[in-house]
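Scroll down for the structure; my scribbles are underneath it.
Every number here is computed from the coordinates shown, using simple stated rules; none is lab data. Everything numeric in this text was worked out from a predicted model, so none of it was measured. A quick note on method: Cβ atoms are made from the backbone with ideal geometry, for glycine too, and the neighbour counts reach across all protein chains shown.
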Amino acid sequence: MGTTTPPPGLPNTYGPPAAGSPVSPGRSPWRIALFALAAIAALLWFRRPSYLPDLALGSATAEGVAASSTAAPVNCAGANGCLVVYVAPWCGPCRSSLPGDVALADHLRTKGYETVFVVGMDEEPACLEMTRSIGRPARLDTDGRWAKAAGVRGVPHFLVTTPTGKIVKRQAGAYIAPPEQVAQLLGIS
């Protein structure tokens, strides 16, 4: 038969403390919860706000021709902010939502928001073909580095920014709704 008392010099972890031994306080669930809340608060307090990446992207014309100008970062020129729409040529929902995204861009222009289309995550010919189907100038991110830096994890992806480029809302997934309703869902009213 075994014994239920530890050898001399080791703590008693088998049950209630033995008579005459000091009781260790252990970890209170409240203490752990308080520590976790403090850690989350510190993370939120010291986290830098997310801004549009400062990586240079090539451009394409509305006709789907690579622009000869040098690459530059995506900058916000809207008086009230920007909407960056990130799409990929291989993405079915991206292709099906393009007419609504273009209508959304027209609607947001009246509210002082600029819309920038970024086409990426594919070869340049496919990205240029998608730019032609958008019918607007677009930025090209063929290698997906800009998407990774911006935290784009799914396409289509919408980034709403302030005029300084600070990202205030991000949303992945296609919207098939009237532009006014989509603007409200993105926090632009």
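Label-point separation (nm) for ASN75 and ARG132, each offset 7 Å from Cα along Cα-to-Cβ?
Roughly 3.0 nm, to one decimal.
Name the trypsin sites (Lys or Arg not before Pro) in region 85-131 that are in a loop by DSSP and that have at most 14 other C-beta atoms within 10 Å, would you?
Values: sites: ARG95, ARG109, LYS111; in loops: LYS111.
Listed in order of number, the matching sites are LYS111.
Can you tell me how region 66-180 classifies by the Cα gyration tensor, rounded, prolate or oblate, using a/c under 1.5 as the rounded cut? Write down the numbers at each step before the final one.
Details: a/c = 1.39, a/b = 1.17, b/c = 1.19.
It is rounded, given that a/c, with a ≥ b ≥ c, falls under 1.5.
At a Förster radius of 41 Å, what calculated FRET efficiency corresponds to the Cβ-Cβ distance of GLU180 and ARG31, to the nearest 0.05?
Details: r = 50 Å, r/R0 = 1.22.
My answer for the efficiency is 0.25.
Please sort by residue number the chymotrypsin sites (Phe, Trp or Tyr not before Pro) in region 78-121 whose DSSP state is loop and whose Cβ has at most 16 other Cβ atoms within 10 Å. If you can, show how the numbers build up before the last one.
On the way: sites: TYR86, TRP90, TYR113, PHE117; in loops: TRP90.
Counting only loop positions with at most 16 other Cβ atoms within 10 Å, the chymotrypsin sites (Phe, Trp or Tyr not before Pro) in region 78-121 are TRP90.
For region 135-180, what relative contact order do you get, as a whole percent, if you take Cα pairs closer than 8 Å and at least 6 residues apart? Don't skip to the end; give the middle numbers.
On the way: 34 pairs, mean separation 12.6, N = 46.
Normalised by residue count, the contact order of region 135-180 is 27 percent.
Starting from the Cα of LYS148, draw a straight line to each of the lysines and keep only those under 22 Å, dropping any in the same chain fewer than 8 residues away.
LYS166, LYS169
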